[in-house]
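Visitor: Let me begin by handing over the structure; questions about it come next.
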Amino acid sequence: MASKIFKLIEEEAHRQKYGLEMIPSENYVSDAVLKALGSILTNKYSEGFPLRRYYGGNEVIDKIETYACDLAKKLFKVPQAYVQSYSGSPANMAVTMAVCEPGDVVMGLSLASGGHLTHGAKLSFSSIFYKAVNYNVRGDDWKIDFDELEALAKKHKPKLIWAGTTAYPFKLDYRRFRKIADMVGATLVADCSHITGLIIAGVHESPVPYCDLIMTTTHKTLRGPRGAMILVTERGFKKDPEIKGKIERAIIPGIQGGPHNHQTAAIAVSLEEALKPSFKKYGAQIAKNAKVLAQSLGTVSETHLVLLSLTGYGYGLGYQAQYGLEEAGITVNKNTIPGEPASPFYPSGIRLGTPALTSRGMKEKDMVKIASWIKRVLEEIRGLDLPKMQDMRKDFLREVKLKLRKNKNLKQIRREVESFAGKFPVPGIS
Ligand code: DSN
């Protein structure tokens, strides 16, 4: 192991083991998933689909990909599955290309309301090549404003409506989405990347009966490798009997070249794990943990994540909280809140999640403890006179980091966090 990289991997493993990973889109994969991901399958090219490849020598790869697709079909109870998309954004691009012509109207939840870039955010392909119309959450309860969604759908007649989120702490009402999609003849696509593990556990309703297509990444609550799947439901085939060919052409040659076969194999291993009864328990525990974490921080969650507004401390201070928590060994991400009063780079909230902590075996009582560290860090930051974005000082972010690094109280919290975290095993590491 001569490469400098292996030393850095060890450093990162130490960070992942002795810190608390609370970014809701992150998780720890199992040893078996890691083994498949680091296998010789990376050596093979296999453009095309099983039994229809542009390269020779794909007899084994065909079996691997077919097996992965079969597992996905079984897990979600759908007639068709694709596992070649490199990750969520290219999968969403493939879905959009399969359903729409350039210039067609695509509707999705706005970024500021907790939607995804690929659901119609400015500067993403979804608004460069398509006409993006965004719906929002309500200002009072932060829940999707279905009245607005219905009015916008009737006005703009979208070809595709996305039902999916990245920073939304509530359950989704797929029935209502379906009703609106039917009113305007739109294809309804669930992007359940964040909540797939909760759907498998039965904590959230499955989108399968309501949606035409489903996209999910494989590395979030599903606990697989980086990657994504596109699923076609019975409804999807009824809506468009040609959808299979359209999705395949969008994946290759539309967007991608050769699939990452090591990734496909690792997806298959994670799907085997997700089909075990123990996974249902795991998914349910993620939600129980998030509920207690949210309550302990004075808010609510029906999912795996907590969206915490920091406007009580001031506007645009999410970065201070993120950096401060990082110094204390707790990794979260700054996040916009609905009706964000500051900006996406300097937002007024943070997003926290429980999937990775739950993978280490942490339970409700641990969430109460973690919430108290988070509150101590936030109080500490509040008492410091940290440079603010509004001061417009050059290099102010560096100044903030240096000041936080020297802080004795954050160092003390870090010691407590490290000693606590070190007691929990980490899949794939310890
Ligand atoms: N980057 C992912 C997330 O953190 O939610 C979405 O793609």
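The values are calculated or read from the model by the stated rules, or taken from the named source; none is laboratory data. These numbers were taken from a predicted model, which means no experiment stands behind them. Ideal geometry is used to build each Cβ from the backbone, glycine not excepted, and the neighbour counts take in all protein chains shown. SASA here: full protein model, heavy atoms, side chains in, ligands and nucleic acids out. Shrake-Rupley method; radii C 1.70, N 1.55, O 1.52, S 1.80 Å.
Visitor: Out of every Cα-Cα pair in the stretch 123-169, what percent are more than 12 Å apart? All intermediate terms of the calculation are to be shown ahead of the outcome.
Guide: On the way: 731 of 1081 pairs.
In whole percent, the long-distance tail amounts to 68.
Visitor: Using alpha carbons only, how many degrees (0 to 90, rounded to 10) separate the axis of helix 408-421 from the longest principal axis of the chain?
Guide: Approximately 50 degrees, to the nearest 10.
Visitor: Kirkwood hydrodynamic radius of the chain from all distinct Cα pairs, in Å? The partial results should precede the final answer.
Guide: Numbers: mean 1/r = 0.0444 Å⁻¹.
Roughly 22.5 Å, rounded to one decimal.
Visitor: Only Lys, Arg, Asp and Glu count, each charged at its Cβ (+1, +1, -1, -1), so figure out the dipole size of the chain about its Cα centre, rounded to 20 debye.
Guide: Details: 61 positive and 44 negative charges, 140 e Å.
That gives the chain a dipole magnitude of about 680 debye.
Visitor: On average over all directions, what projected area in square nanometres does the stretch 278-414 have, based on the convex hull of its Cα atoms? Before the final figure, lay out each step's value.
Guide: On the way: hull surface 33.1 nm².
Result: a mean projected hull area of 8.3 nm².
Visitor: Taking the alpha carbon gyration tensor of the stretch 144-188, what are the square roots of 5 times its eigenvalues, largest first, to the nearest whole Å?
Guide: Details: eigenvalues 65, 22, 18 Å².
Values for the stretch 144-188, descending: 18, 11, 10 Å.
Visitor: Using a probe radius of 1.4 Å on heavy atoms only, what accessible surface per residue do you get for the chain? Whole Å² is fine. Walk me through the numbers before you get to the answer.
Guide: On the way: 18960 Å² over 430 residues.
Result: 44 Å² of accessible area for each residue.
Visitor: Give me the compactness ratio for the stretch 171-250, meaning the Cα radius of gyration over 2.2 N^0.38 Å. All intermediate terms of the calculation are to be shown ahead of the outcome.
Guide: Details: Rg = 13.0 Å, N = 80, 2.2 N^0.38 = 11.6 Å.
Dividing the Cα radius of gyration by 2.2 N^0.38 Å gives 1.12.
Visitor: Over the C-alpha atoms of the stretch 300-373, what are the Rg and the largest Cα-to-Cα span, Dmax, in Å?
Guide: 12.7, 37
Visitor: Moving on. Over the stretch 18-66, what lengths in whole Å, largest first, do the semi-axes of the equivalent ellipsoid take, defined as the square roots of 5 times the eigenvalues of the alpha-carbon gyration tensor? Show your work: numbers first, answer last.
Guide: On the way: eigenvalues 205, 29, 16 Å².
That gives 32, 12, 9 Å for the three semi-axes.
Visitor: How high is the relative contact order of the stretch 7-164, in percent, with contacts defined as C-alpha pairs under 8 Å that are six or more residues apart?
Guide: Values: 156 pairs, mean separation 23.4, N = 158.
Computed over the stretch 7-164, the figure is 15 percent.
Visitor: Residue farthest toward the positive end of the dipole of the chain, with Cβ of Lys/Arg at +1 and Asp/Glu at -1: which of ALA287, VAL368, THR187?
Guide: VAL368
Visitor: Project the alpha carbons of the stretch 346-430 onto their principal axes and report the range along each, largest first, in whole Å.
Guide: Largest first, the stretch 346-430 extends 43, 26, 24 Å along its Cα principal axes.
Visitor: Using mean Cβ contacts within 10 Å as the protection proxy, how do 345-357, 205-217 order, highest first? Mind showing how you got there, number by number?
Guide: Values: 345-357: 25.3, 205-217: 23.7.
Packing order, densest peptide first, comes out as 345-357, 205-217.
Visitor: Could you give the spread of the C-alpha atoms of the stretch 79-158 along their three principal axes, from largest to smallest, in whole angstroms?
Guide: 40, 31, 24
Visitor: A further question on this structure: Using the alpha-carbon atoms, what tilt in degrees (0 to 90, nearest 10) does helix 174-184 show relative to the longest principal axis of the chain?
Guide: 50
Visitor: Further, regarding this structure: When the Kirkwood radius is taken over all Cα pairs of the stretch 102-225, what Stokes-Einstein diffusion coefficient follows at 20 °C and 1.002 mPa s, in µm²/s?
Guide: Working: Rh = 14.4 Å.
The diffusion coefficient I find is 148 µm²/s.
Visitor: At 1.4 Å probe size, with the rest of the protein present, what percent of the exposed accessible area of the chain is carbon and sulfur atoms? It would help to have the intermediate numbers written out before the result.
Guide: Numbers: 10480 of 18960 Å².
Answer for the chain is 55 percent, counting heavy atoms of protein chains only.
Visitor: Moving on to the next point. Taking 7 Å along the Cα-to-C-beta vector as the label spot, tell me the ALA32-GLU11 distance in nanometres, rounded to one decimal.
Guide: 3.4
Visitor: Report the one residue of ILE252, PHE177, SER296 whose Cα lies farthest in the direction of the positive end of the charge dipole of the chain (charges on C-beta: Lys and Arg +1, Asp and Glu -1; origin at the Cα centre).
Guide: Looking along the dipole axis, the top candidate is SER296.
Visitor: Oh, and also: Among 233-243, 168-178, what's the highest-first ranking by average C-beta atoms within 10 angstrom per residue?
Guide: Numbers: 233-243: 16.7, 168-178: 19.0.
Top of the packing list down: 168-178, 233-243.
Visitor: With only alpha-carbon atoms in the gyration tensor, what are the semi-axes of the equivalent ellipsoid for the stretch 26-120, in Å, largest first?
Guide: Ellipsoid half-lengths, sorted descending, are 29, 19, 14 Å.
Visitor: Now for a separate question. Suppose every K and R has +1 on its Cβ and every D and E has -1 on its Cβ; what is the size of the dipole of the stretch 286-426 about the Cα centre, in Debye to the nearest 20?
Guide: Details: 24 positive and 14 negative charges, 88 e Å.
With Lys and Arg at +1 and Asp and Glu at -1, about 420 debye.
Visitor: Using only the Cα atoms of the stretch 242-332, construct the convex hull and provide its projected area averaged over every direction, in square nanometres to one decimal. Show your work: numbers first, answer last.
Guide: On the way: hull surface 42.6 nm².
Result: a mean projected hull area of 10.6 nm².
Visitor: Compute the long axis of helix 318-327 from its Cα atoms, compare it with the longest principal axis of the Cα atoms of the chain, and write down the angle in degrees, 0 to 90, nearest 10.
Guide: Computed tilt is about 70 degrees.
Visitor: On to the next question. Placing +1 on the Cβ of each Lys and Arg and -1 on the Cβ of each Asp and Glu in the chain, which of GLY353, VAL29, GLN16 has its Cα farthest towards the positive end of the resulting dipole?
Guide: Result: GLN16, furthest along the dipole toward the positive end.
Visitor: Per-residue counts of other Cβ atoms within 10 Å, averaged by peptide: what ranking do you get for 69-81, 294-306, 317-329, highest first?
Guide: Working: 69-81: 18.2, 294-306: 21.2, 317-329: 24.1.
Averaged packing, sorted descending, gives the order 317-329, 294-306, 69-81.
Visitor: In debye, nearest 20: dipole of the stretch 215-291 around its Cα centre with unit charges on the Cβ of K, R (+) and D, E (-)?
Guide: Values: 14 positive and 6 negative charges, 89 e Å.
The calculated dipole for the stretch 215-291 is roughly 420 debye.
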